[in-house]
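Asks: First, the structure itself, so that you have it in front of you.
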């Protein structure tokens, strides 16, 4: 292992330890909620970026997150399943539905793909609004049960009844870290190399023997599964699901987080989500300013850092070196 | 004459009212280099696109080794051994030369999904073998000393060479080149001509579309001339160079066909 790899991995380990110690330092329950929600948003933004690695922007992604939430909530509420069964089933169901949705969408590319996926997202949202049974109409679902208590022999039971308990924070943190690990490994694998080729040129990719359509489908289904995981965690965390939460606006927010952070880099959406999440919290007293500030950050990033905030160190370092060299000359 | 590798039978391609290729039949024989010339709009590229599965023909069929391959998708044709290069250079722009060439080995890289996910030991061996193969390929086309340059930063001449490299990286039996020699300086032309001979000597059959007659004639065993979607002549470069109908329709004057070999 070379030096830069060593620095990278020790840095990641340090960050992970800090994340696990967060509940010890942060006593304010409100901030625990903010962080927990942010981890869910990171899963969604990172899986959105996973779709972007093929060069397509899907606006069906956030509705698919909602699909995961509804599926998991209904499996628990109507069929009495345990959370630990309902969640994986919801992920599986959403993955299957995403096959049906992306099958027609994949006949198109670029702007057309964007609109096709947007349309399917709206269809899903309208289904939740129109079919009062079982989705609860525009009022949505309330009183969604929390995950069941885990009993590990010899340890006190881990229960998720109260949000103030750090257990919910840890539950979502663990799922976020696992999701990021899996998506990172997938991107570094051969599948990631194929996605990069498809993004560059679908035509050339097909002429080196890549079945473009199949690989895109595999990637979209994996990404949708992670969106569903995020949705399921979200549903049981907030205990309320309302169709309007998954409207196109949230899709645009997720896209903005990923793009501002930088879709070219794995860490981009994480940086974007954290920065926008914190910005929103600090602007809590002035909610009317939030869209304005978001827009300014987006415009400034696209103008000055087209590769996203993640490329900021690369841009600043040569400039800083120049300044240092000049100071030394004097 | 050798056996036919590709048989094109009565291919017609219409776009609305426009007939781009009409009732065209020809054979490509094992091991030869066949040139395809014709004025702009003669249907050369359309013919390429029909053979390589880009669009289905309106009528007619294409047989490869006696098997009907009409309307197969590009990735299926590559599996059977038909590769092509592109007129307007198509590359994986933001990937390095090495990554471009490595991607062309897609069908010949046996990396298991789980192996590449967890970087297993067995997988690392396979990857090293694949890398060696890719380097061999780059050495053959003379791009080995630019392996880490991004494709989009290469000069035009080397981009064409890389396009060529990707096509032969798929280990084709039939290589179809769309204008590999146009808009190049004499040095790159000579390099690509040599490359065409090298690839042929490895047993690959080649079909070339080209506008640059001077560069094309010395390379080909046989030349076919298209005009308005129809075949107007077929023969050795010498015969074509002296064919009065071809000269009138297209060449506009006698040309020098001195043999480079």
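Asks: Quick check on segment B:31-45. Is at least one of its residues touching a strand residue (DSSP E or B) at 6+ places or on another chain (Cβ under 8 Å), farther than 21 Å from residue B:240 by Cα and away from chain A (no Cβ under 14 Å)?
Replies: Among the residues of segment B:31-45, not one is touching a strand residue (DSSP E or B) at 6+ places or on another chain (Cβ under 8 Å), farther than 21 Å from residue B:240 by Cα and away from chain A (no Cβ under 14 Å), which makes the answer no.
Asks: All but one of (1) out of contact with any strand residue (DSSP E or B) (no Cβ under 7 Å at 6 or more places or on another chain); (2) closer than 27 Å to residue A:185 by Cα; (3) part of a loop (DSSP other than H, G, I, E, B) hold for residue B:171; state the number of the condition that does not hold.
Replies: For residue B:171, the exception is condition (2).
Asks: Related question: Just to check your reading of the model, which residue among B:77, B:107, B:140 is in a helix (DSSP H, G or I), within 10 Å of another protein chain (Cβ to nearest Cβ) and within 30 Å of residue B:211 (Cβ to Cβ)?
Replies: Criteria check complete, one pass: B:77.
Asks: Output yes when any residue across segment A:178-190 is more than 14 Å from chain B (Cβ to nearest Cβ), modelled with pLDDT of 90 or more and surrounded by 14 or more Cβ atoms within 10 Å (Cβ to Cβ), and no when none is.
Replies: Yes, segment A:178-190 contains at least one residue that is more than 14 Å from chain B (Cβ to nearest Cβ), modelled with pLDDT of 90 or more and surrounded by 14 or more Cβ atoms within 10 Å (Cβ to Cβ).
Asks: Let me ask something else. Answer yes or no as to whether residue B:131 is within 23 Å of residue A:182 (Cα to Cα) and either within 14 Å of chain A (Cβ to nearest Cβ) or part of a helix (DSSP H, G or I) (or both).
Replies: Here the answer is no, as residue B:131 does not meet what is asked.
Asks: So is residue A:62 buried (at least 22 other Cβ atoms within 10 Å of the Cβ), out of contact with any strand residue (DSSP E or B) (no Cβ under 6 Å at 6 or more places or on another chain) and closer than 26 Å to residue A:218 by Cβ or not?
Replies: For residue A:62, the condition - buried (at least 22 other Cβ atoms within 10 Å of the Cβ), out of contact with any strand residue (DSSP E or B) (no Cβ under 6 Å at 6 or more places or on another chain) and closer than 26 Å to residue A:218 by Cβ - is met.
Asks: Give, as residue ranges, the helices (runs of 4 or more DSSP H) completely inside segment A:1-87 that count at least 1 residues that are under 28 Å from residue B:119 (Cα atoms).
Replies: Once the helices (runs of 4 or more DSSP H) in segment A:1-87 are filtered for at least 1 residues that are under 28 Å from residue B:119 (Cα atoms), what remains is A:3-25, A:29-52.
Asks: Hey, could you check segment B:86-104 for residues that are more than 9 Å from chain A (Cβ to nearest Cβ) and touching a helix residue (DSSP H, G or I) at 6+ places or on another chain (Cβ under 8 Å) and say which is modelled with the lowest pLDDT?
Replies: B:89
Asks: Also, I was wondering about something else. Quick one: in segment B:161-183, which of the residues that are more than 14 Å from chain A (Cβ to nearest Cβ) and crowded, with 19+ Cβ neighbours inside 10 Å is farthest from residue B:209 (Cα to Cα)?
Replies: Among them, the one singled out is B:161.
Asks: So residue A:194 fits all but one of (1) closer than 30 Å to residue A:279 by Cβ; (2) buried (at least 17 other Cβ atoms within 10 Å of the Cβ); what number is the exception?
Replies: (1)
Asks: A further question on this structure: Does residue A:268 meet the test of being under 20 Å from the mean Cα position of the chain (by Cα) and either loosely packed, with under 12 Cβ neighbours inside 10 Å or within 30 Å of residue B:106 (Cβ to Cβ) (or both)?
Replies: yes
Asks: Condition first: within 28 Å of the chain's Cα centre (by Cα), at the interface with another protein chain (Cβ under 7 Å from one of its Cβ atoms) and assigned to a helix (DSSP H, G or I). Now tell me which residues in segment B:110-128 satisfy that.
Replies: Matches in segment B:110-128: none.
Asks: Do we find that residue A:144 is outside any helix (DSSP H, G or I), touching a residue at least 60 places away in the same chain (Cβ under 8 Å) and surrounded by 16 or more Cβ atoms within 10 Å (Cβ to Cβ) in this structure?
Replies: It is true that residue A:144 is outside any helix (DSSP H, G or I), touching a residue at least 60 places away in the same chain (Cβ under 8 Å) and surrounded by 16 or more Cβ atoms within 10 Å (Cβ to Cβ).
Asks: How about segment B:150-160: which of its residues are outside any helix (DSSP H, G or I) and surrounded by fewer than 19 Cβ atoms within 10 Å (Cβ to Cβ)?
Replies: Matches in segment B:150-160: B:150, B:155.
Asks: In segment B:2-31, what residues are out of contact with any helix residue (DSSP H, G or I) (no Cβ under 8 Å at 6 or more places or on another chain), touching a residue at least 12 places away in the same chain (Cβ under 8 Å) and not in a strand (DSSP E or B)?
Replies: B:2, B:3, B:30 - these are the residues of segment B:2-31 that are out of contact with any helix residue (DSSP H, G or I) (no Cβ under 8 Å at 6 or more places or on another chain), touching a residue at least 12 places away in the same chain (Cβ under 8 Å) and not in a strand (DSSP E or B).
Residues are listed down the side, and each one gets a yes or a no for (1) buried (at least 18 other Cβ atoms within 10 Å of the Cβ); (2) not assigned by TED's automatic domain parsing to the domain that holds residue B:15:
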residue	(1), (2)
B:46	yes, no
B:50	yes, no
B:56	no, no
B:61	no, no
B:65	no, no
B:71	no, no
B:75	yes, no
B:103	yes, yes
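Asks: Going through segment A:207-249 one residue at a time, which ones are at negative phi and not in a helix (DSSP H, G or I)?
Replies: A:208, A:210, A:211, A:240, A:241, A:242, A:247
Asks: Please go through segment A:199-237 and give me each residue that is surrounded by 19 or more Cβ atoms within 10 Å (Cβ to Cβ), touching a helix residue (DSSP H, G or I) at 6+ places or on another chain (Cβ under 6 Å) and without any contact (Cβ under 8 Å) to a residue 12 or more places away in the chain, ordered by number.
Replies: A:205, A:206, A:207, A:208, A:209, listed by residue number.
The values are calculated or read from the model by the stated rules, or taken from the named source; none is laboratory data. Keep in mind that this is a model prediction, so the values were computed, not measured. Glycine gets a Cβ as well: all are built from the backbone with ideal geometry, and neighbour counts include every protein chain shown.
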